[in-house]
Each structure stands twice: as structure tokens, then as C-alpha cells.
Amino acid sequence: KHIILLIFLKVNKMPTLNPFWHGTPVPPDKLLDRNDELQQIIGRILTGQSTAITGSPRCGKTSVLQYLTAPAKQQEFYGKDAEALIFSYLDAYNWGTEFGPLQFWETALRPLSDCTETALSQAYQNCQKNQFGDYALEKLVTQIKDTNKRLILIVDGFDAILNYPFQHWNAAFFGHLRTLVSRSGGGLVLILTLNGPLSDFQK
């Protein structure tokens, strides 16, 4: 009798489904309980402000990034400003030790290669020609703003850069990146994720 009862329960009892995912990023249509955080980040994107998303590993940071950039959500999130936003996603966890600032800018600015605005396209090509030097980058960021566009540069796992060889990622790179963002007038926005509290990286 006990065996028959156990078989009956196994066949007929519906399993309790866990709505949370473990180990991999959650697809945009499955993301739960992040509305407040999403609205705050969306508001900052629309006003040209950068954001650092911090937390322990596998707490949902990458899932939030994928939700913010999902094509199906662009109009809902950003309304009439959606067409002006250019998203560029970089996954720092997958970079090799030889990945340096040149490769960073090549990857970060790649979405601009399809730009139809002549002035912005020319600025991007000039930046490529000059191997993404500081002055060329400044001219490009200025042109992004002047063209009424906004480049949303997303770096998932920004803290991983700090573990790469110092000769690649030195204070000059980080200082110039900060200068580009602060002088862009909202033309360049950074969205970063970091494993751990922000205070650990403010040195």
C-alpha cells in the first residue's frame, strides 16, 4: 500500500516551481522583483547620469543589464528618447590578460560603426585612424553629444579590470575615462557592475 501511495503522489502532484533562476542570467521576461532598481537606473540613463551596480556574485546584476538593453523593452523604458540611445555592452570577465585600452575602445565604440549621421561617422573613423587616442576620443564624444545621441557604455564586471596587468590598466586610463564622461554633457554614460561594495574600489 505504501508503494502504491508513493507512486500516486509522484504522478499526480504538481511540482512547486521556483520563480528564481540560479547560476545564469535571468531572461528579461523572467526577471522578478527589480522594478525599483530598474526605474532608478532608467531615470539616470534618461538624464545622462552614470551608475555603478554593486553586489555579491550571482545576485542579478547581469540580469538587470540585459533587461535594460532588451530591444523589446526600449520603447517602453525610454519612450521618445529610445532612438537617441546607443547601447554598447562589454563583458570584462571574458577578457584575456592581453586585453588593454586599445581593445577596450575598439569594442566599446563598435556600435558607432553603423551610424548614419555623417559627422559622427567621420569622427568615429578618425578615432579609429588615430588608434583611439585621447584627443580623438574627446572629439568623438563631443560629436556624439552634438548629434543628439547618447552612448550608454555598459561594462559588466568592471572590477575584473583591476586584476589585469598594471601596464595595461593604469591610472591614466581610468582618469581619462572619468574625464570623458564628466565632460560629455550626458553624451557618454557609464553603467558598471562590480562584485562587492563600491567603497572597495574608491581608492
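Every number here is computed from the coordinates shown, using simple stated rules; none is lab data. This one's a predicted model, so the numbers in the text were calculated from it and none came from an experiment. Cβ: placed from backbone, ideal geometry, glycine included. Neighbour counts: every protein chain shown.
Could you work out how far apart the two model spin labels at E76 and E106 are, taking each label as a point 7 Å from the Cα in the direction of the beta carbon, and quote it in nm?
Going by the 7 Å Cα→Cβ label model, 3.7 nm.
Can you compute log10 of I(q)/I(0) for the range 135-194 with the Debye formula, treating each Cα as one identical point scatterer, at q = 0.13, 0.18, 0.27 Å⁻¹?
The computed values of log10 I(q)/I(0) come out as -0.38, -0.68, -1.13.
Taking amide H atoms as placed 1.01 Å from N in the peptide plane, list the residues 5 or more away in sequence, or in a different chain, whose amide H sits under 5 Å from that of G55.
Amide H neighbours of G55, under 5 Å, 5+ apart: L194, G196.
Take the Cα gyration tensor of the range 67-120, multiply each eigenvalue by 5, square-root it, and list the three semi-axes largest first, rounded to whole angstrom.
Ellipsoid half-lengths, sorted descending, are 26, 17, 6 Å.
Can you compute the label reach from T116? Point 7 Å from Cα along the Cβ direction, backbone N cut-off under 17 Å, restricted to the range 45-85.
What the label zone holds, given the 17 Å backbone N cut-off, is 81-85.
Taking θ = phi - 60°, what integer Hz values does the Karplus form 6.51 cos²θ - 1.76 cosθ + 1.60 yield along the range 122-139, in sequence order, with x for Gly and Pro?
So the J values, rounded to whole Hz, are 5, 5, 5, 5, 5, 5, 4, 4, 9, 6, 6, x, 4, 5, 5, 5, 4, 5.
So what J values fall out for the range 142-158 if you push phi through Karplus, 6.51 cos²θ - 1.76 cosθ + 1.60 with θ = phi - 60°, rounded to Hz, Gly and Pro as x?
3J(HN,Hα) across the range 142-158, in whole Hz: 4, 5, 4, 5, 5, 8, 6, 10, 9, 8, 9, 8, 9, 10, 8, x, 4.
Note the full-extension length gain between N126 and F174 as 0.36 nm times their separation in residues minus their Cα-Cα distance, in nm to one decimal.
Contour length minus Cα-Cα distance gives 15.1 nm.
Residue farthest toward the positive end of the dipole of the range 61-152, with Cβ of Lys/Arg at +1 and Asp/Glu at -1: which of L120, Q75, L151?
The residue sitting farthest along the positive end of the dipole is Q75.
What size of dipole, in debye to the nearest 20, comes out for the range 67-203 about its Cα centre when the only charges are +1 on Lys and Arg C-beta atoms and -1 on Asp and Glu C-beta atoms?
It works out to roughly 320 debye.
By average Cβ neighbour count within 10 Å, what is the ranking of 63-73, 104-114 from highest down?
63-73, 104-114
Would you mind estimating how fast the range 58-179 diffuses translationally, via Stokes-Einstein at 25 °C and 0.890 mPa s with the Kirkwood radius over Cα pairs, in µm²/s?
My calculation gives 156 µm²/s for D.
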